[in-house]
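So the structure is just underneath, and the comments pick up after that.
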Amino acid sequence: MSDTSDTPCLRCGTCCMADMIGNADAEDLARWKREGRDDILRVHSDALWVGDHFLSAATGMTIRDCPFLDFREGFFFCTIYETRPRVCRDFEPGSSAICPKHAQTRSR
Ligand code: SF4
Ligand code: SF4
């Protein structure tokens, strides 16, 4: 989820239901350690990649949506937006077929 591109984000939350948080990189992990974000580090370390999706190591349940995705007044939003992982910052609206803005950006 990103609001920085020329294509406005619809805040539909779809990209945040696609395993993004589990793909945090070393820079994200170092920043969260610096910022004392043990809450994020705990969520990240609980996510186990099992070939095509993440499982929670604690519960064994499939992780479907990012735990930091929330919904209010008709829109999804990121509760850790200022320190969200690079994979989320780099995801531009319309850059993937999972995003409803994809067809729009391709027709330009
Ligand atoms: S960290 Fe934020 S932007 Fe990234 S998947 Fe979770 S809710 Fe979406
Ligand atoms: S799928 Fe596209 S429109 Fe929906 S939240 Fe993500 S970037 Fe925004």
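Annotations
- Ligands, DNA and RNA left out, the 1.4 Å accessible surface of segment 14-106 is 54% carbon and sulfur atoms.
- Computed from point charges on the beta carbon alone (+1 for Lys and Arg, -1 for Asp and Glu), the dipole magnitude for the chain about its Cα centre is near 200 Debye.
- For the chain: relative contact order, % (alpha-carbon pairs under 8 angstrom, 6 or more apart): 37
- Taking all protein chains together, Met20, Met61 sort by accessible area into Met61, Met20, largest first [probe 1.4 Å].
The values are calculated or read from the model by the stated rules, or taken from the named source; none is laboratory data. Everything numeric here is computed off the predicted structure, so don't read it as measured data. We place every Cβ from the backbone using ideal geometry, glycine too, and count neighbours over all the protein chains shown. For the accessible areas, the whole protein counts, side chains as well, though only heavy atoms, and no ligand, DNA or RNA atoms are used. Shrake-Rupley method; radii C 1.70, N 1.55, O 1.52, S 1.80 Å.
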